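Chemist: Quick one: the structure is below, and I'll ask about it shortly.
The values are calculated or read from the model by the stated rules, or taken from the named source; none is laboratory data. Worth saying up front: this structure is predicted, and the values here are computed from it rather than measured. Positions of Cβ are backbone-derived with ideal geometry, glycine not excepted, and every protein chain shown enters the neighbour counts.
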Amino acid sequence: MMFFASDNGGPVHPSVIEALTEANEGYTGGYGADDVTARAVAAVREVFEAPEAAVYFVATGTAANALALATYAQPFHTVFCTDTAHIHEDECNAPEFYTGGAKLTLVPTTDGRMTAEDLRRVIAGEETRGVHGPQRGPVSITQITERGTIYALDDLRGLCAVAKEYDLPVHLDGARFANALVELGCSSAEMTWKAGVDVVSFGGTKNGLMGAEAVVFFDPEKAWEFELRRKRGGHLFSKQRYLAAQFLPYLEGGRWLDLARAANASRQRLQDAMEGMNDITFAYAPSGNMMFPTMRVADHRRLFDAGAYYYMWDGDLDGAAEDDRLTARLVCDWSMSDAALDKFLTVLRG
């Protein structure tokens, strides 16, 4: 199946199903008071080289982002994020809701990434109205960005340094954390707390889990407030072990990295074949498991007619001329088969 709409649409890794079946045996404590959750917390701490980190599991990325930000943002604060951030474009004002009214202040981007200079300028522009305006709050960084681009470690350090200049905490939206990590070839610690990140939404659903994300606080003093907010927000599962159990096979033996490498390799194979084919260009430099090719309408129509499934990004095929050029978003997941890639490229070649 030529399914490139989202890595959310892919299957759950078989090891996760097995772990859930195993966790389903017998009785245990609820609300996280169980051995499965304890082992999953320890595994996440080991991945981040952070033995004192507070680790919590929720079912969705929106919950992870909104609750993490709410723990650091008062209702009179503003959260600094890019104009393409998921918390701005795709979470139905959940951060504003869970923070009790904090707003988002947008930092401009050209390829989904903000620069340290632009972040500093935007932060400096706030608190110019005293009590009448929003107060400075957390900085939220998306890695991988919503345009498929990745911050280099020096870029992350630079953004965090700007935040620290103003004594602001830093949140990392890591829905595709693993894909960025294997692309950079660094450690989880290097991409988070060693760079200056205070809390990370550690995604798993897009990389083979059934539905589980971890929120990792490198400052354990925020743990109790997060627990209260998670409960009050309706995201404390009574059968917590079914969220936690998904992380055990995921992290075991570096499987989470292997799955991300597979997804990234599929994107790279597509990119290598498409470069120079049919005058295809890319709206943003492809990286991780996501790409934005700009192709002729005739190419898009041929692919859709053959059963390809992906999202158009900057226009509708209806009424467009065959030689018009429109951009699509293609996302590869861990399970993408060589047969699907071969078929897609064969159809594209015409």
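Chemist: Filter segment 1-19 down to the residues that are modelled with pLDDT of 95 or more and of a type in the set (A, V, I, L, M, F, W, C) and list them by number.
Modeler: 2, 3, 4, 5, 12, 16, 17, 19
Chemist: Quick one: is residue 223 in contact (Cβ under 8 Å) with a residue 40 or more places away in the chain and either more than 20 Å from residue 138 (Cα to Cα) or within 18 Å of the chain's Cα centre (by Cα) (or both)?
Modeler: So residue 223 fails the test.
Chemist: Further, regarding this structure: Residues of segment 184-220 being acidic (Asp, Glu) and within 14 Å of the chain's Cα centre (by Cα), which ones?
Modeler: Matches in segment 184-220: 213 only.
Chemist: Looking only at residues that are hydroxyl-bearing (Ser, Thr, Tyr) and in a strand (DSSP E or B) in segment 283-340, which one is nearest to the chain's Cα centre (by Cα)?
Modeler: Among those residues, the one meeting the criterion is 287.
Chemist: Here's a follow-up. Can you name the number of the only condition in (1) over 17 Å from the mean Cα position of the chain (by Cα); (2) closer than 20 Å to residue 208 by Cβ that residue 10 fails?
Modeler: Looking at each condition in turn, residue 10 falls short on (1).
Chemist: Which of the strands (runs of 3 or more DSSP E) contained wholly in segment 20-116 include at least 1 residues that are modelled with pLDDT of 95 or more and surrounded by fewer than 22 Cβ atoms within 10 Å (Cβ to Cβ)?
Modeler: Values: elements: 54-58, 77-82, 103-107.
Filter on segment 20-116 gives 54-58, 103-107.
Chemist: Now for a different question. Within segment 228-280, how many residues are in contact with a strand residue (DSSP E or B) (Cβ under 7 Å, 6 or more places away or on another chain) and within 29 Å of residue 54 (Cβ to Cβ)?
Modeler: So the count comes out to 6.
Chemist: Restricted to segment 254-273, and to residues that are free of Cβ contacts under 8 Å to residues at least 40 places away in the same chain and farther than 25 Å from residue 59 by Cβ, which residue is farthest from the chain's Cα centre (by Cα)?
Modeler: Only one residue fits best here, namely 272.
Chemist: Would you check which residues across segment 76-113 are charged (D, E, K, R) and closer than 17 Å to residue 142 by Cα and list them?
Modeler: 83, 89, 90, 91, 111, 113
Chemist: Checking residue 188 against (1) out of contact with any helix residue (DSSP H, G or I) (no Cβ under 6 Å at 6 or more places or on another chain); (2) closer than 28 Å to residue 117 by Cα: exactly one of these is not met. Which one?
Modeler: Every condition holds for residue 188 apart from (1).
Chemist: Out of (1) free of Cβ contacts under 8 Å to residues at least 60 places away in the same chain; (2) within 16 Å of the chain's Cα centre (by Cα); (3) assigned to a loop (DSSP other than H, G, I, E, B), what's the single condition that is false for residue 5?
Modeler: Among (1) free of Cβ contacts under 8 Å to residues at least 60 places away in the same chain; (2) within 16 Å of the chain's Cα centre (by Cα); (3) assigned to a loop (DSSP other than H, G, I, E, B), residue 5 violates only (1).
This table checks each residue for (1) crowded, with 20+ Cβ neighbours inside 10 Å; (2) under 22 Å from residue 340 (Cα atoms); (3) of a type in the set (Phe, Trp, Tyr).
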residue: 208; (1), (2), (3): yes, yes, no
residue: 234; (1), (2), (3): no, no, no
residue: 240; (1), (2), (3): yes, no, no
residue: 243; (1), (2), (3): yes, no, no
residue: 247; (1), (2), (3): yes, no, yes
residue: 261; (1), (2), (3): no, yes, no
residue: 264; (1), (2), (3): yes, yes, no
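Chemist: Return the residue satisfying two criteria in turn: it lies in segment 299-350 and is within 25 Å of residue 260 (Cα to Cα) and among the aromatic types (Phe, Trp, Tyr), and of such residues it is surrounded by the most Cβ atoms within 10 Å (Cβ to Cβ).
Modeler: In this case the residue turns out to be 334.
Chemist: From 110, 115, 128, grab the single residue that is closer than 17 Å to residue 157 by Cα and hydroxyl-bearing (Ser, Thr, Tyr). Steps first, answer last, please.
Modeler: Numbers: 110 fails: closer than 17 Å to residue 157 by Cα; 128 fails: closer than 17 Å to residue 157 by Cα.
Within the list 110, 115, 128, the selection yields 115.
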